[in-house]
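Here the structure comes first, spelled out in C-alpha cells, and everything after it is commentary.
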Amino acid sequence: QVQLVESGGGLVQAGGSLRLFCAASGSIFSINAMGWYRQAPGKQRELVASITSGSITNYADSVKGRFTISRDNAKNTVYLQMNSLKPEDTAVYYCNAEIRIRVLVPTKNYWGQGTQVTISS
C-alpha cells in the first residue's frame, strides 16, 4: 500500500512564504514524476508544479518566479517552496506522484489528502 502524506500548509499574510512537504511511503519500486496541484473553492484542480525523476521542472504561469519545486529521491519526498504569496494562491494543495510498486508493473497516480494554504490580504 502506498501513501502520500503532506504537511506545511497554514495561514500567512500576503507576501509571506510557506514550504510544503510530501513524503511517499509503502511498497514503492520507483517514482516517476511528482507534483503539486491545488484546488480553490468553486474551481477545478489545477497543476501548480511538477518535477521528473531527473529533476526537470514545470510550473503554472501563475506561480513562475515565486514557487520552486524540488525532490529528494532517496527520501521519496517532494517539496514546494512558495514565496511572495498572494491571496489568489489560497487553495487546498495536493501532492501527486506516479509510482511503480513492482518491476514491470505500470505506474499509477497517487494523491495525498491535501493541505490547506490560506493567504490573507
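The values are calculated or read from the model by the stated rules, or taken from the named source; none is laboratory data. All figures in this text were calculated on a predicted structure; none of them were measured in a lab. As a convention, Cβ positions derive from the backbone with ideal geometry for all residues, glycine included, and neighbour counts pool all protein chains shown. Surface areas here come from the heavy atoms of the whole protein model, side chains and all, with no ligands, DNA or RNA. Shrake-Rupley method; radii C 1.70, N 1.55, O 1.52, S 1.80 Å.
Restricting attention to segment 51-72, the residues being within 13 Å of Asn32 (Cα to Cα) and either outside any strand (DSSP E or B) or out of contact with any Ser or Thr (no Cβ under 9 Å at 6 or more places or on another chain) (or both) number 6.
Tell me which residues, restricted to segment 73-106, are in a strand (DSSP E or B), more than 28 Å from Gly15 (Cβ to Cβ) and out of contact with any Lys or Arg (no Cβ under 7 Å at 6 or more places or on another chain).
Answer for segment 73-106, where residues must be in a strand (DSSP E or B), more than 28 Å from Gly15 (Cβ to Cβ) and out of contact with any Lys or Arg (no Cβ under 7 Å at 6 or more places or on another chain): Ala97, Glu98, Arg100.
Taking the criterion of being open to solvent by 20 Å² or more (accessible area, probe 1.4 Å), of a type in the set (Phe, Trp, Tyr) and closer than 16 Å to Gly114 by Cβ, the residues of segment 11-61 that qualify are Phe21, Tyr37. Just a yes or no: is a residue in segment 68-84 over 23 Å from Ser120 (Cβ atoms), without any contact (Cβ under 8 Å) to a residue 24 or more places away in the chain and open to solvent by 60 Å² or more (accessible area, probe 1.4 Å)? Yes: one or more hits.
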